[in-house]
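Reviewing the structure listed below.
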Amino acid sequence: MADQSVFRITKELSDLQKNSDLSLAVACRDIDVRNVKALIIGPHETPYEFGFFEFDFKFNKDYPRKSPTVTCTTTNSGRTRFNPNIYANGKVCLSILGTWRGEPGEEWSAAQGLESILLSIQSLMSTNPYENEPGFEDANESSDKKNQKDYVQKIRHETLRISVIQRLEEYLGMDAGGSIQPTVPSEYDLDMDTLDEDSSPFLPFKDLCKRRFLWYYDSYLTAIQKGKEETKDGQSFARMPFEGVSNSMEGKFNYTELERRLRNIKKALDEETDRWAAEGMEAKTKETTVAVNLYRQFEQVVESFKRADLPHSIELVDNNPFIWAVTYFGKPMTNLDGGLFKFRVHFSPRFPEEQPRVRFETRLFHHRISADGTPCYVSALNKREDAKSHIEAVIDALEEEQPPYDPRTLVNPEAFKLYWGGVDDRRNYNRRLRRSVQRSMEDF
């Protein structure tokens with residue numbers, strides 16, 4: 001039974017890691033598949049939008065006959081209750097977990113699993129979480145409507161403060177004032193062959209959250225602006241009728257402070273990316289495994305593009321294998337036709353554990369490219385070590401002609417709104433895209 005349990009958990013982890021859901025992530029140490037960490041990215045158009053919420057799963061030997069134990073760890077050290085069903089102590093109230101009484105047929109069954117639990121938790125992160133509290137599902141009094149608005153406002157504020165800003169500050173070694181404890185890259189940092197899994201903290205979503213922060217940075221700023229319009233700095237959070245003394249969300253609004261800290265994080269991430277160049281040159285001098293591998297991959301990609309007769313060009317910046325400069329020629333017979341666009345692929349000395357960061361140097365109005373030039377692209381998990389796959393994924397994101405609507409790819413709020421708006425909005429989007437394509441030739 002124990003072996004079957006491990007096999008089932010391993011398969012579920014593999015299936016989740018292979019799928020294209022941009023809002024769920026799972027990980028575990030190879031030596032312990034029964035203890036799983038999961039990340040849920042808050043849904044669009046909810047107060048949880050693009051927040052990073054982490055959960056611990058503990059699977060017993062009777063799984064899947066019995067459900068795992070699930071604990072939310074994004075609670076501000078046990079001080080913040082993010083939802084009527086997600087307590088400050090981390091308890092997640094769901095009938096399928098046996099932590100809440102539900103209707104007949106809602107209890108756990110072996111047909112359910114890790115993904116169904118995550119989707120159930122994600123469904124709690126709704127536009128109106130107030131109604132998740134039993135007895136408040138149909139609350140429609142004037143006091144309830146005010147409470148609903150107040151509840152959304154404070155969840156939005158704490159989602160930004162705790163799940164995004166605090167998390168990224170911890171990853172960057174940054175305090176609330178913006179100061180960062182300097183670190184010096186060591187032999188250990190520069191060559192991943194020396195990695196000892198047991199000796200390092202297990203932070204499986206660190207790189208993912210950094211890259212997603214760059215995706216959603218403009219959306220965070222938009223949320224802050226909305227919060228400033230609806231609340232005043234220093235205004236206390238309203239307590240909900242179902243919140244207890246030790247199981248609530250207490251605090252005060254201060255969006256001015258959140259904006260300052262958010263901008264500090266963005267600045268620190270940009271500086272971190274820039275430092276990869278210097279670290280990369282040192283790694284090249286030491287002929288580390290990553291440096292040698294990237295240089296070999298660069299040569300292979302150049303040769304591959306030549307054989308395929310592709311017009312795009314790739315060069316190393318300052319002969320540094322950790323920075324690739326790509327010139328992309330717009331696809332003929334599309335809105336990109338006639339454009340010349342430059343972007344750089346920055347590789348970390350810890351690649352592929354830290355995935356590349358891409359930045360367009362040519363300004364391009366596109367729903368998959370943020371205002372600062374960060375493209376929203378997804379490289380296949382099984383190609384994490386393949387540098388070429390990242391370039392191809394960026395180009396695919398640019399050229400995709402009929403993409404499915406997916407708010408998780410919202411990296412440019414203005415372009416996204418026009419692209420997915422009405423007929424007139426789409427025409428306006430196309431005009432602005434074409435103008436940026438024309439400017440790319442003039443600037444080149």
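The residues packed around LYS61, meaning those with a beta-carbon under 12 Å from its beta-carbon, carry a net charge of +3 if Lys and Arg are +1 and Asp and Glu are -1. Along the chain, the longest continuous region that contains none of the trypsin sites (Lys or Arg not before Pro) in a DSSP loop with at most 12 other C-beta atoms within 10 Å is 233-444.
Using every pair of distinct Cα positions in segment 300-382, the Kirkwood expression returns a hydrodynamic radius of 14.1 angstrom.
Using the Cβ of ASP15 as centre and a radius below 12 Å, the other residues enclosed give a net charge of 0, where K and R count +1 and D and E count -1. Directionally averaged projected area (segment 318-359, Cα convex hull): 3.7 nm². Between 0 and 90 degrees, the angle of helix 289-307 with respect to the longest Cα principal axis of the chain falls at about 60 degrees.
Based on alpha-carbon atoms, the Kirkwood radius and the radius of gyration of segment 1-139 give Rg/Rh equal to 0.96. Seen from all sides and averaged, what is the projected area of the convex hull of the Cα atoms in the chain, in nm²? For the chain, averaging the hull's shadow over all directions gives 24.3 nm².
Charge dipole (Cα centre; +1 on Lys/Arg Cβ, -1 on Asp/Glu Cβ; no other charges) of segment 1-132 amounts to roughly 480 debye. What you get for segment 316-419, charging only the Cβ of Lys and Arg (+1) and of Asp and Glu (-1), is a dipole of about 180 debye around the Cα centre. Surface analysis of the chain yields an accessible area of 49 Å² per residue, using protein heavy atoms and a 1.4 Å probe.
Taking H as built 1.01 Å from N, whose amide H comes closer than 5 Å to the amide H of GLY373, not counting residues under 5 places away? Those qualifying (amide H under 5 Å, at least 5 residues apart or on another chain) number zero. Loop-located GluC sites (Glu not before Pro) across segment 1-75 with a Cβ neighbour count of 15 or fewer within 10 Å are GLU45, with loop assigned by DSSP. Phi angles of segment 144-155 translate, via the Karplus equation with coefficients 6.51, -1.76, 1.60 and θ = phi - 60°, into HN-Hα couplings of 5, 5, 5, 4, 4, 5, 5, 5, 4, 4, 6, 5 Hz per residue; Gly and Pro are given as x. Relative to the longest principal axis of the Cα atoms of the chain, the long axis of helix 255-286 makes an angle of roughly 40 degrees. In the chain, the DSSP-assigned H stretches of four residues or longer account for a calculated mean residue ellipticity at 222 nm of -13000 deg cm²/dmol, using -39500 (n - 2.57) per stretch and the full residue count as denominator. Ranked by the mean number of other Cβ atoms within 10 Å per residue, highest first, peptides 312-318, 126-132 order as 126-132, 312-318.
Between the listed residues ALA415, PHE305, GLY330, the Cα displaced farthest toward the positive end of the dipole of segment 287-443, a dipole computed from Cβ unit charges relative to the Cα centre, is found at ALA415. For the chain, a crude dipole built from +1 on the beta carbon of Lys and Arg and -1 on the beta carbon of Asp and Glu, taken about the Cα centre, is about 840 debye to the nearest 20. What a 1.4 Å probe finds exposed on the chain is 48% carbon and sulfur by accessible area, rounded to a whole percent. The mean sequence separation of alpha-carbon pairs under 8 Å and at least six residues apart, normalised by the residue count of the chain, gives a relative contact order of 12 percent.
Size descriptors for segment 287-443 (Cα atoms only): Rg and Dmax, in that order, 16.2, 55 Å.
The values are calculated or read from the model by the stated rules, or taken from the named source; none is laboratory data. Being a predicted model, the structure only gives us computed values, none of them experimental. Using ideal geometry, Cβ is built from the backbone for each residue, glycine included, and neighbour counts are taken over all protein chains shown. Each accessible area value is taken on the protein alone, full model and side chains, heavy atoms only, with ligands, DNA and RNA left out. Shrake-Rupley method; radii C 1.70, N 1.55, O 1.52, S 1.80 Å.
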